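Asks: Please see the structure below; I have some questions.
Just so you know, all these numbers are worked out from the coordinates, no wet-lab data involved. Remember, predicted model here, so these are calculated numbers, not experimental data. All Cβ positions, even for glycine, are placed from backbone atoms using ideal geometry, and neighbour counts span all protein chains on display.
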Amino acid sequence: MRNRNRVNPTLLRGLAQARYGRRDMLKFSGLAAAGMALSACGVAAKQQEAPAAKDFWEGKKETGNVRFANWPLYMDSDRTQLKEFTKATGIKVDYREDVQDIAAFAGKIQPKLANGDSTGYDMFALTTGIELARFIALGYLAPLDHGRMPNFTRHAGAAYKDTAYDSGNKHTMPYASGITGIAYNPQFVDREITSIADLWDPAFKGRVGMMSDAQEIGNFGLLVNGVKPAESTEKDWQAAADKLKKQRDDGIVRSYYGQDFVQPLTNGDVWLSMAWSGDIYQQNAEEGTDLKFVIPEEGATLWTDNMVIPVTSEAPVDAIKLMDFLYDPEVAASLAEYITYIPPVPAAQDVLREQAKQASGDDREALTALIESPLVFPTEDDYAHLHSYVELKPGEEESFTSLFHAITQA
Amino acid sequence: MRRKLAPYLLALPAWAWLAMFFVVPLAGMASLSLTSGNVITGFSQTFNIGNYLTAIDTYGEQIARSLFYGLSATLICIAIGYPAAYWIAFKGGRHKSTYLLLLLLPFFVSFVLRTISWKFTLSDNGIVLGTLKQIGVLPADFGVLNTAPAVILGLAYNFLPFMVLPIYAVLERMDHGVVEAAHDLYASRVQAFVRVVLPISLPGVFAGGLMTFIPTTADYVNASVLGGTGNTMIGSIIQTQYLVNNAYPIASAITFVLMGVLLLGIFSYARALGTERVMEVQAK
């Protein structure tokens, strides 16, 4: 999910055989490990209390090495920002693009965390959603020591501090954010798309793409019914599911996509689809396509890829240093330039603006487009239309996901 | 004494491997499939048969669909693979190994990439359909992608070599004299094939059938890449239940139901074709 789409992610995953192999291994080793852990004790992970921040950080020392698992294409291949970090602090970073599917990644490390073993990573990316909520509830994530996060305190944007999913940033620091909205291909859609209800229009029968993820599609079912996901109740979920079921049964949906909606949209297999902002921005920037991305009038959702430290991290001090380093506006700006998703540091826009002034020609044009794009730097008005995800209490996720998986996995 | 023990000792690694990676996880999963609870509060053993009822009740449709897709793909593989194996074995001459290599060559590429390339091929305005639409053979809104046929074709394509190779192995070993004998006894070419070659090659077809039917039925890549809104196969459901929902008990129960159904199908199939001959060909 949230892959940078400089290369079509589906193609990338396929092309990079080793990568697929690894991803596959993740899945299977996750399954096997889960099976072993479960069969060994007969009982799976149980809730444990996360340690208090003071207790956790007491006596922790810098080790000089930190292992960071992140999404592919979430940093340039030179790892520019990490080199700067090593130069500034002397801490070496072992950066791995091991997070290729949240569920598979979480499934792989969960049994280790349940046993109190090292995951092999000192920090990793985890997207807002069920897995993150579960890890917080299970006490797997280290409490952050805000005394060690000066850049974050100074530069993090209001929308990324004190979030709905982690009030007071007890466990998470955002890495990048994106919008789930609607994208459409004007070659095939001859009117302006402005609302989620357009995804139910019989005129687009068989030409609509929806997302297969229970939360993504659930959010849209709620929004089209005029319900804010974060305030929704079980009754609203049922109504949303009914609405989405009707959309499917009427033959309007062509397919439910995981993250591979860009290519069908470009080809015309689907004409309009639920989509992530950054993927559309990249597709247009790289391949010169003219896909439109809209934040519909009912609203869209804002999701965040967070950096977290597992309680079993062997180098939490190094990890939190790196996390905070990425909040330096200069660093955040150079990251955003590559990722083209929303940086959690608003000051990055000013840094890029300065750079654009000094640049010329194509560079200047590209930078200006980036700065002005509401997909990378949403306006106040855009933020007003962006909703956070459904807050699922422990135990609720099962009824929520089964409700929506019954639609996407029929 | 030592000499008698040697074969058993030599087989020890294989047994240990099986026990470690098959028997233990299987037993663990069997136990897990009868538990209740969730991942937050933990799972406790309650001998909850209800998991199996839920599995069959909720996902019976996907199981049946997977069997149907698997069977269809296997039949297509036989229809395409048998003539191919026959041709390579009997007409391939000294280039046999080249043809086999050509057959296998696409399979050096990752499974997922092959499936995704089908997505490009089958796209509404792609190379195949786009061209056919331009010359007016197909109506403009015709599509294959995201339908059941797309999934079945994808499965058949991805597992074709598993059908061709066993059939080829049997045919290649066949004594050609028996066909000549059939002709000497005034059998027509068709008769010689139906009454001599085909029965000899059946164990190969059986082995190929198993090697395509089982993995195609459990596959989850093709349906999610090439399927549409009503083409989910049971493999995707199991994956979602395990990894996304962490609903280990239900996922394990579905796995066992699927395994039971597959075993049942295989045993009746073996019965129909005669097990002895089958075991024989497996042993060779």
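Asks: Which residues make up the longest stretch of chain A clear of trypsin sites (Lys or Arg not before Pro) that lie in a DSSP loop with no more than 11 other Cβ atoms within 10 Å, not counting the sites?
Replies: A:192-410
Asks: Another question about this same structure. With a 10 Å Cβ neighbour count serving as the proxy for reagent exposure, in which order, fewest first, do B:Ser201, A:Ser232 appear?
Replies: A:Ser232, B:Ser201
Asks: Which length gain, in nm to one decimal place, applies between B:Phe90 and B:Ala64 when the Cα-Cα distance is subtracted from 0.36 nm times their residue separation?
Replies: 5.5 nm
Asks: Run the numbers for A:Glu287 and A:Tyr383: contour at 0.36 nm per residue of separation, minus the present Cα-Cα distance, in nm.
Replies: Fully extending the segment from A:Glu287 to A:Tyr383 adds 31.8 nm.
Asks: In nm, to one decimal, how far is the modelled label at B:Gln191 from the one at A:Ser360, with both set 7 Å along Cα→Cβ?
Replies: So the label points at B:Gln191 and A:Ser360 sit 9.1 nm apart.
Asks: Pop out the ³J(HN,Hα) list for segment B:62-79 in order, Karplus 6.51 cos²θ - 1.76 cosθ + 1.60 with θ = phi - 60°, rounded to Hz; leave Gly and Pro as x.
Replies: 5, 5, 4, 5, 4, 4, 5, 4, x, 5, 4, 4, 5, 5, 4, 4, 5, 4
Asks: Which residues in segment A:373-404 place their backbone N less than 20 Å from a point set 7 Å from the Cα of A:Glu231 along the Cα-to-Cβ direction?
Replies: A:381-393
Asks: Just want the ordering: B:Tyr157, B:Tyr186, B:Tyr59, from fewest to most Cβ atoms lying within 10 Å of their own Cβ.
Replies: Ordered from fewest to most neighbouring Cβ atoms within 10 Å, B:Tyr157, B:Tyr186, B:Tyr59 come out as B:Tyr186, B:Tyr157, B:Tyr59.
Asks: Next up: Can you compute the modelled spin-label distance between B:Arg3 and B:Ser97, with each label point 7 Å from Cα toward Cβ, in nm?
Replies: Between B:Arg3 and B:Ser97, the label points sit 3.8 nm apart.
Asks: Here's a follow-up. Kindly flag which residue pairs out of A:Lys170/A:Lys292; A:Lys205/A:Lys235; A:Lys83/A:Lys321; A:Lys205/B:Lys119; A:Lys92/A:Lys357; A:Lys112/B:Lys119 have an alpha-carbon separation exceeding 25 Å in this structure.
Replies: From A:Lys170/A:Lys292; A:Lys205/A:Lys235; A:Lys83/A:Lys321; A:Lys205/B:Lys119; A:Lys92/A:Lys357; A:Lys112/B:Lys119, over 25 Å: A:Lys170/A:Lys292; A:Lys205/A:Lys235; A:Lys92/A:Lys357; A:Lys112/B:Lys119.
Asks: Given the Cα-Cα distance of A:Ala239 and A:Asn65 and 0.36 nm per residue of separation, how much length would full extension add, in nm?
Replies: Full extension of this stretch gives 57.6 nm more.
Asks: Could you name the lysines in cross-link range of B:Lys91, using Cα to Cα under 28 Å and dropping any fewer than eight places away on the same chain?
Replies: Reachable lysines: B:Lys284.
Asks: Which order results if A:Asp236, A:Asp249, A:Asp213 are arranged by neighbouring Cβ count within 10 Å, fewest first?
Replies: By the 10 Å Cβ count, ascending, the order reads A:Asp249, A:Asp236, A:Asp213.
Asks: Rounded, prolate or oblate: pick one for segment A:60-188, where a ≥ b ≥ c are the square roots of the eigenvalues of its C-alpha gyration tensor, a/c under 1.5 means rounded, and failing that, prolate if a/b is larger than b/c, else oblate.
Replies: rounded
Asks: Could you check what % of the DSSP bridge pairs in the protein assembly as shown are antiparallel, to the nearest 5?
Replies: Percentage antiparallel, nearest 5: 60.
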